[in-house]
Amino acid sequence: MNSTVHFLEKTAFYDDFPKAFGFGAYPCIYCEDCIAEEHEGIVDESIRRLCRHMDLVRPSMEAAGIDVFSTIKSAGWDLHVIPCRDLEYGKIVHGNVVSVGLVLIE
């Protein structure tokens, strides 16, 4: 998902849409060991600026305050919450997962 969003954003930029901005899904997947997570103590934003893949990482829609379910519904798509075993994140009951990203273009 995140690679696709980055590719679409980059393509839009080079097609003369310099204000294109993408939102991915899920936590960052680019590093096995995140610089910010390796840091001991309180992590402030200055540590995140040392990211190894700053050019690839995009925020999630939820992190930017976008109501993903309402946005998707407004676009005419049907999206449901993923059922998780014992209501625990990551313990998906079945593999029917739909991932959604967003690229805004002005």
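The values are calculated or read from the model by the stated rules, or taken from the named source; none is laboratory data. Owing to the predicted nature of the structure, the values given are computational and were not obtained by experimental measurement. With ideal geometry, Cβ positions are generated from the backbone for all residues, glycine too; neighbour counts draw on all protein chains shown.
Descriptive notes on the structure:
- Residues of segment 1-56 that turn out to be basic (Lys, Arg) and at pLDDT 80 or above, as a count: 3
- The residues listed here are 23, 17; of these, the one that is touching a Leu at 6+ places or on another chain (Cβ under 6 Å), in contact (Cβ under 8 Å) with a residue 60 or more places away in the chain and closer than 24 Å to residue 105 by Cα is 23.
- Among residues of segment 1-14 that are touching a residue at least 24 places away in the same chain (Cβ under 8 Å) and closer than 26 Å to residue 97 by Cα, those with a beta-carbon under 7 Å from a residue that is surrounded by fewer than 16 Cβ atoms within 10 Å (Cβ to Cβ) and of a type in the set (Ser, Thr, Tyr) at least six positions away or on a different chain give the pairs 1/26; 1/99.
- Candidate set from segment 61-106 (those that are over 17 Å from residue 1 (Cβ atoms) and among the hydrophobic types (A, V, I, L, M, F, W, C)); member that is modelled with the highest pLDDT: 105
- All positions within segment 67-100 that are touching a Leu at 6+ places or on another chain (Cβ under 8 Å) and within 26 Å of residue 10 (Cα to Cα): 68, 69, 71, 72, 98, 100
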